[in-house]
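Chemist: Structure incoming, see below.
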Amino acid sequence: MSLLVAGLQAAHGSRPTLFDIDLSVPDHALACVVGPSGCGKTTLLRVIAGFHTAAAGRVELNGRVLDQPPGVRVPAERRSIGYIPQDGALFPHLSVAANIGFGLPRADRAAAVARLLELIDLVGLADRHPHQLSGGQQQRVALARALAPEPDLLLLDEPFTALDAGLRARVRTDVVDLLRSTGTAAVLVTHDPAEALAIADQVTIMASGRIVQTASPAELHARPVSSAAARALGDTNLIAGLYRSRSVSTALGELLLDRPVLADAATCGAPTGQVTVVVRPRQVVLCGGDEPGAVAALVRRQEFRGEDHRLELMVDGVPDPLVCHSPSRVALDSTVHVRVAGAVHPLIEPVVPSAATI
């Protein structure tokens, strides 16, 4: 295991920021940490990097303890960890080559810089300065500089935020390819769940200074453990109902569960047999009114997204708008029919009774 964080706590002054964080990142893996602004993502990276003091817990890298208050705290420069902040933090007065080679032993500098310039495909730009580069090129230089000392771990704090959408996708691909080619374990912080699902081997969802869930992208998307985990990955529909072994009765009809809810209702925190299920927008399919499972819905909002239309529908017995996607435009305030396709996932958190429960 490359990185191990156990029971980590941290604070800003007297205000607690991280609460009992447990996280592990395997060798050569790319892990993403997702969460809203202020949830503690950057503080977590800064503690791991050695820029922020841990209040309690333990941080290990390749079996070496870096933090274990009160007695152990390895200085940042001795941790073998690379760190890339949001703006890349290149030295504006230094050339590309000098930025990459900064801090390397003089004897090894020329060879290392030449190798990394080739790796980031900027061989002809070695003498340029940061202001003469595009945003994507600056990010590649920042990555090369972080990789130059051959760190055991690389930390990236929302490195693509300042880039426009098209450039962001290209640079993200370049960075991921570069990390894969070097085999460097990395932790990338992002507020974009689609980005995390697209590039990561492992995704961690954070909220209010705590880890909500850590899993592979596929596992996280298919089987979130709570409403917070489900919502962290984008649009989702949380529907309440009564479970019946392998199905749940809801305002959208009788829905098949992707796993059984055990006979002991307390397993789902639902002593009265209530359960909340996750229905992803792609599972809500427009259909004819005479199809099995069809439910009437009123179109209240429509957003054209280029490839499809995002619809918000009102359904009797469902308090929140039901989100789905349509390949074609649908008239506002019109009535359509929808059905739920495929099995739905039950949450294991306590259920708050609502008028939608039937």
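Chemist: From D177, D201, which residue is touching a residue at least 60 places away in the same chain (Cβ under 8 Å) and charged (D, E, K, R)?
Modeler: D201
Chemist: Mind telling me which of the residues L117, L94, L153, L66 ends up being touching a Phe, Trp or Tyr at 6+ places or on another chain (Cβ under 9 Å) and at pLDDT 90 or above?
Modeler: Exactly one of L117, L94, L153, L66 is touching a Phe, Trp or Tyr at 6+ places or on another chain (Cβ under 9 Å) and at pLDDT 90 or above, namely L94.
Chemist: If you don't mind, another one. Only residues that are exposed (fewer than 15 other Cβ atoms within 10 Å of the Cβ) and of a type in the set (A, V, I, L, M, F, W, C): list them for the stretch 299-308, please.
Modeler: Residue satisfying the conditions is F304 alone.
Chemist: Please state which of the following conditions A11 fails to meet, knowing it meets all the rest: (1) within 24 Å of V176 (Cβ to Cβ); (2) surrounded by 13 or more Cβ atoms within 10 Å (Cβ to Cβ).
Modeler: (1)
Chemist: On the basis of being among the basic types (K, R) and not assigned by TED's automatic domain parsing to the domain that holds P26, does R109 make the cut?
Modeler: Answer is yes for this residue.
Chemist: Let me ask something additional. Output yes when any residue across the stretch 25-33 is touching a helix residue (DSSP H, G or I) at 6+ places or on another chain (Cβ under 6 Å) and part of a loop (DSSP other than H, G, I, E, B), and no when none is.
Modeler: no
Chemist: Can I ask one more? Kindly establish whether V141 is crowded, with 20+ Cβ neighbours inside 10 Å and assigned by TED's automatic domain parsing to the domain that holds I21. Talk me through it step by step, then tell me what you get.
Modeler: On the way: crowded, with 20+ Cβ neighbours inside 10 Å: yes; assigned by TED's automatic domain parsing to the domain that holds I21: no.
Taking the combined requirement at face value, the residue does not satisfy it.
Chemist: Residues being in contact (Cβ under 8 Å) with a residue 40 or more places away in the chain and either of a type in the set (D, E) or within 18 Å of A296 (Cβ to Cβ) (or both): count how many of those fall in the stretch 242-261.
Modeler: Initial filter on the stretch 242-261 (in contact (Cβ under 8 Å) with a residue 40 or more places away in the chain): 242-243, 248-253, 255-259, 261.
Imposing the further condition that a residue be either of a type in the set (D, E) or within 18 Å of A296 (Cβ to Cβ) (or both) reduces the set to 249-253, 255, 258.
Going through the stretch 242-261 one residue at a time, the tally reaches 7.
Chemist: Could you check the stretch 14-40 and list, in sequence order, the residues that are of a type in the set (G, A, S), farther than 19 Å from E158 by Cβ and loosely packed, with under 14 Cβ neighbours inside 10 Å?
Modeler: S14
The values are calculated or read from the model by the stated rules, or taken from the named source; none is laboratory data. Computed from a prediction, not measured in an experiment: that's the story for all the values here. For neighbour counting, all protein chains shown are included, and Cβ atoms are generated from backbone atoms with ideal geometry for every residue, glycine included.
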